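As structure tokens, the structure follows; a few thoughts come after it.
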Amino acid sequence: MAKRHRFERLEDRVVRKAGRKRPYDRMLIVCEGAKTEVNYFEAIRKDKRLPTAHIAVMPSDYGTSPLQIVHYAIDRFNETKGFDRVYVVFDRDDHLTYHNALAKAQATDKALKNDGGVKVPFVAVPSVPNFELWVLLHFRDVLAPIHRNVVYAELKKPAAYPGYAKNSVTVFADTKELIPAAKARAEALRGTFTAHDGNDPYTDVDLLTGELLKIANRFN
């Protein structure tokens, strides 16, 4: 029997708690990019009418290296402890702290307690080479290492997303009908590679996207 992914295990806990607490967990999502990733997840939140009081999406104020993103998320959580889950979204790219960030996120998982005294899942959402791989997977398979510049070039081809622009606020709206295909491709990559592999293509963005859409489908 295949091991269930951590996002699926978190979903089970949401269902069990929904009847006696909030309708869904309060989520803190800290992103590497100040616009691209933030715009994408904010677009989901707005499209599905999820309140900012429950779903907070923000960039890291400490910098864009993966480890800085993790540390910022920890500090931001500790300011209020008003979240039930924390997600850190970052890219592999050429970052020297990528593997350290994965390790720190894993070490922080269930090490923090929120304002209700509950241990909080702290989940890394990495992409190799970058977040835009998730967007490209809406249009085609990526089966081998690919440089971020090639990802951008492939995205803009006529057969993919020729109108794509980095930092666009319309990416979710433009691609949401293709999410099932992109998710299937991302799942296939996880069946072959891991986030810890060298430069092999990988993303968990589909899993966080799926969590937000599950919340919206359940309560909207």
Within segment 169-179, can one find any residue that is more than 19 Å from VAL128 (Cα to Cα) and in a loop (DSSP other than H, G, I, E, B)? yes
Residue under question is ASP61, and the condition is that it be farther than 23 Å from LYS35 by Cβ, open to solvent by 80 Å² or more (accessible area, probe 1.4 Å) and in a loop (DSSP other than H, G, I, E, B); does it hold? no
If we keep just the residues of segment 107-138 that are of a type outside the set (Asp, Glu) and part of a helix (DSSP H, G or I), which is surrounded by the fewest Cβ atoms within 10 Å (Cβ to Cβ)? ALA107
Filter segment 64-101 down to the residues that are among the small types (Gly, Ala, Ser) and more than 23 Å from THR52 (Cα to Cα), then identify the one that is least open to solvent (accessible area, probe 1.4 Å). ALA101
Contact list please: Cβ distance under 7 Å, first residue in segment 146-157 and within 11 Å of PRO201 (Cβ to Cβ) and modelled with pLDDT under 95, second residue part of a helix (DSSP H, G or I) and open to solvent by 70 Å² or more (accessible area, probe 1.4 Å), pairs at least six apart or on different chains. none
Answer with yes or no whether LYS104 is surrounded by fewer than 23 Cβ atoms within 10 Å (Cβ to Cβ), of a type in the set (D, E, K, R) and in contact with a Lys or Arg (Cβ under 7 Å, 6 or more places away or on another chain). no
In this structure, does VAL88 turn out to be more than 16 Å from ASP200 (Cβ to Cβ) and in contact with a strand residue (DSSP E or B) (Cβ under 7 Å, 6 or more places away or on another chain)? yes
Test GLU211 against the criterion of being open to solvent by 60 Å² or more (accessible area, probe 1.4 Å) and in a helix (DSSP H, G or I), and give yes or no. no
Matching residues, segment 57-101, being free of Cβ contacts under 8 Å to residues at least 40 places away in the same chain, over 19 Å from ARG26 (Cβ atoms) and touching a Lys or Arg at 6+ places or on another chain (Cβ under 7 Å): LEU67, TYR98
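The values are calculated or read from the model by the stated rules, or taken from the named source; none is laboratory data. Treat the numbers as computed from the prediction; the structure is a model and nothing was measured. With ideal geometry, Cβ positions are generated from the backbone for all residues, glycine too; neighbour counts draw on all protein chains shown. Surface areas here come from the heavy atoms of the whole protein model, side chains and all, with no ligands, DNA or RNA. Shrake-Rupley method; radii C 1.70, N 1.55, O 1.52, S 1.80 Å.
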